[in-house]
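**Student:** Please see the structure below; I have some questions.
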Ligand code: M6R
C-alpha cells in the first residue's frame, strides 16, 4: 500500500505531480482556453460581486488559505481575510450576506472549521468548501464547493493535500479574476499555460530528494530552525516550519523575512539554521538583503532558489535549486523541498513520520 516507499508521507510527497494534475483535470482546458469549475458556476455572480472573502481553516489548510489571500487579492482584487477557524468562531465576527466564506479542509471533519461554517451560515454568508474527502461533514455543510483530487492522504503531515488545495484555489482566483475583468485574457492564458506546466516542475523538484537527504544529515540534531519567505513564499515558510515541528519535534518558526528585524533576529547565531525561500520574484532583492542580515550574524543559511541563481550560492551554506515559474504559482514548487527536508530529518531522528506523537489525522475535537 505504500507503493514501495518506506512511509506514506514520502509516497504522498512523490504523488504530487499526479495529485496536482488530478486537481486541475477537467477544470483547466488549455486547448479551449477555458476554465471550468462546476461548483463555482452557480455562484459566479456571488463571487464577482462579493465585498469580501473570508477564509477559515486550521493548520496546513490555513497556510493554503494564506496563499489564496495573495492569489485572490492579486488576480481578482477582492479583499480577503484568512482566519484560524478556532478564533473566528468564538470572536463574534462581522459577517454579512455579501461575504463569501471559503472553508478549506483536507479531511472535511475538522471540528473548529465546521463550527466556523455554521456560524457564518447563521449570519447569512455564502459558504464555499474546498475538501479532499468526498461526502465529509464540511463538504455537506457548505453551499457549494470544489473538491481537491489529491486521493487519500494517510500521513498525518499534510503534503499532497496542501498542493492540491493551492491548485484549486489558484483556479478559483483565475476564474473569478477573469470574470471580474481584473485578469486580462492574455494574462489568464499565460497563467493557464504555466499552471499546466506545474506537475512537470514538481517532478523536477522531486529530483532534489538525494541532495536534501544529504543536507538533512547536517542538521538532524539541531534544536531549532527558522524559516523565512516573503510574498507568496511567506505561507510556504510557515508550512515548512509546521512540517518540521510536527514530525521531527524540532522547534521551528516561520516568519515573513522582513519581520526578522523586529525580534527573531536576536535568535540568530552560528548554531541557527535558517531556511530562506529566495526564488526570483518581485521581492528577490529584498530577500537577498535578509540573507545578508542572517549571514552577518553567522546563521547557517539553507536557501531555496530559482535554477541558475548565481548570487545566493556564494552566500548560503546550502543552495537548493527549484525550477522557475510564475511568482503566483511558486508555492506549488517551493514547498516541495521543505516537505522533503522535514521528512528526512524526522526519519534520521527515528521519529514515527506517518503518525507523529500527540497528533491525529483529523481533529474532530475542538
Ligand atoms: O483536515 P484539515 O485540513 O481540516 O486539517 C487541518 C489541520 O489539522 C491539518 O492541516 C494539520 O495541521 C496537519 N497535521 C498539518 O500537516
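The values are calculated or read from the model by the stated rules, or taken from the named source; none is laboratory data. As the structure is a prediction and not an experimental result, all values here were calculated from the model. Here the Cβ positions follow ideal geometry from the backbone for every residue, glycine too, while neighbour counts run over all protein chains shown.
Conditions tested, residue by residue: (1) in contact with a strand residue (DSSP E or B) (Cβ under 6 Å, 6 or more places away or on another chain); (2) free of Cβ contacts under 8 Å to residues at least 60 places away in the same chain.
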{"site": "263", "(1), (2)": "no, yes"}
{"site": "275", "(1), (2)": "yes, no"}
{"site": "287", "(1), (2)": "yes, yes"}
{"site": "306", "(1), (2)": "no, yes"}
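**Student:** Pairs needed: first member in region 98-113, under 14 Å from residue 85 (Cα atoms); second member anywhere, within 7 Å of the ligand (Cβ to nearest atom) and at pLDDT below 95; C-beta distance under 7 Å; at least 6 residues apart or different chains.
**Tutor:** As it stands, the answer is 109/362; 110/362; 110/363; 111/363, since those pairs meet every condition given.
**Student:** Right, next: Of the conditions (1) within 16 Å of the ligand (Cβ to nearest atom); (2) in a helix (DSSP H, G or I); (3) in contact with a helix residue (DSSP H, G or I) (Cβ under 7 Å, 6 or more places away or on another chain), residue 20 fails just one. Which one is it?
**Tutor:** (1)
**Student:** Now for a different question. Taking residue 284 as meeting all but one of (1) crowded, with 17+ Cβ neighbours inside 10 Å; (2) in contact with a helix residue (DSSP H, G or I) (Cβ under 9 Å, 6 or more places away or on another chain); (3) closer than 23 Å to residue 66 by Cβ, write down the number of the exception.
**Tutor:** Residue 284 satisfies every listed condition except (2).
**Student:** Please count how many residues of region 73-93 are modelled with pLDDT under 95 and more than 16 Å from the ligand (Cβ to nearest atom). Let's see the steps before the verdict.
**Tutor:** Initially, region 73-93 is screened for residues modelled with pLDDT under 95, giving 89-93.
In the following step, the residues that additionally are more than 16 Å from the ligand (Cβ to nearest atom) were identified as 90-93.
Total satisfying the criteria: 4.
**Student:** Answer with yes or no whether residue 334 is touching a strand residue (DSSP E or B) at 6+ places or on another chain (Cβ under 7 Å), closer than 19 Å to residue 60 by Cβ and touching a residue at least 24 places away in the same chain (Cβ under 8 Å). Lay out the reasoning, then the answer.
**Tutor:** Details: touching a strand residue (DSSP E or B) at 6+ places or on another chain (Cβ under 7 Å): yes; closer than 19 Å to residue 60 by Cβ: yes; touching a residue at least 24 places away in the same chain (Cβ under 8 Å): yes.
Considered against the rule, which asks whether it is touching a strand residue (DSSP E or B) at 6+ places or on another chain (Cβ under 7 Å), closer than 19 Å to residue 60 by Cβ and touching a residue at least 24 places away in the same chain (Cβ under 8 Å), residue 334 comes out as yes.
**Student:** Moving on to the next point. Among (1) in contact with a strand residue (DSSP E or B) (Cβ under 6 Å, 6 or more places away or on another chain); (2) within 11 Å of the ligand (Cβ to nearest atom), which single condition is residue 175 missing?
**Tutor:** It is condition (2) that residue 175 fails.
**Student:** Quick one: which residue in 315, 260 is over 25 Å from residue 208 (Cα atoms) and buried (at least 16 other Cβ atoms within 10 Å of the Cβ)? If you could, list the steps in order and put the result at the bottom.
**Tutor:** Values: 315 fails: over 25 Å from residue 208 (Cα atoms).
None of the others qualify; the one that does is 260.
**Student:** Here is a further query. Quick check: is even one residue across region 145-163 away from the ligand (no atom under 16 Å from the Cβ) and either surrounded by fewer than 16 Cβ atoms within 10 Å (Cβ to Cβ) or not in a strand (DSSP E or B) (or both)?
**Tutor:** Applying the first criterion (away from the ligand (no atom under 16 Å from the Cβ)) to region 145-163 yields none.
No - not one qualifying residue is present in region 145-163.
**Student:** Given the criteria over 15 Å from the mean Cα position of the chain (by Cα), assigned to a helix (DSSP H, G or I) and over 30 Å from residue 317 (Cα atoms), does residue 189 qualify? Don't jump to the end; show me each part of the working.
**Tutor:** Numbers: over 15 Å from the mean Cα position of the chain (by Cα): yes; assigned to a helix (DSSP H, G or I): yes; over 30 Å from residue 317 (Cα atoms): yes.
For residue 189, the condition - over 15 Å from the mean Cα position of the chain (by Cα), assigned to a helix (DSSP H, G or I) and over 30 Å from residue 317 (Cα atoms) - is met.
**Student:** Here's a follow-up. Could you check how many residues of region 73-90 are free of Cβ contacts under 8 Å to residues at least 12 places away in the same chain and either within 16 Å of residue 120 (Cα to Cα) or in contact with a helix residue (DSSP H, G or I) (Cβ under 8 Å, 6 or more places away or on another chain) (or both)? Break it down into steps so the answer makes sense when it comes.
**Tutor:** Applying the first criterion (free of Cβ contacts under 8 Å to residues at least 12 places away in the same chain) to region 73-90 yields 73, 87, 90.
From what is left, the residues that are either within 16 Å of residue 120 (Cα to Cα) or in contact with a helix residue (DSSP H, G or I) (Cβ under 8 Å, 6 or more places away or on another chain) (or both) are 87, 90.
So the count comes out to 2.
**Student:** Can I ask one more? Quick check on my filter: what residues within region 73-99 are assigned to a helix (DSSP H, G or I) and under 18 Å from residue 148 (Cβ atoms)? Step through it out loud before you land on a result.
**Tutor:** Of region 73-99, the ones assigned to a helix (DSSP H, G or I) are 73-76, 85-88.
Residue satisfying the conditions is 85 alone.
**Student:** Hey, can you tell me all the residues within region 128-141 that are within 13 Å of the ligand (Cβ to nearest atom) and assigned to a loop (DSSP other than H, G, I, E, B)?
**Tutor:** Across region 128-141, the qualifying residues are 132, 133, 136.
**Student:** Sticking with this structure for a sec: So which of 277, 247 ends up being more than 15 Å from residue 303 (Cβ to Cβ) and buried (at least 18 other Cβ atoms within 10 Å of the Cβ)? Quick ask: steps written out before the conclusion?
**Tutor:** On the way: 277 fails: more than 15 Å from residue 303 (Cβ to Cβ).
Being more than 15 Å from residue 303 (Cβ to Cβ) and buried (at least 18 other Cβ atoms within 10 Å of the Cβ) holds for just one of 277, 247, which is 247.
**Student:** Can you work out which of the residues in region 100-126 that are part of a strand (DSSP E or B) and either at pLDDT below 95 or within 9 Å of the ligand (Cβ to nearest atom) (or both) is surrounded by the fewest Cβ atoms within 10 Å (Cβ to Cβ)? Break it down into steps so the answer makes sense when it comes.
**Tutor:** Going residue by residue through region 100-126, those that are part of a strand (DSSP E or B) are 100-105, 126.
The next check asks that each one be either at pLDDT below 95 or within 9 Å of the ligand (Cβ to nearest atom) (or both); those that pass are 103-105.
Numbers: 103: 28, 104: 35, 105: 33.
Residue satisfying both the conditions and the ranking: 103.
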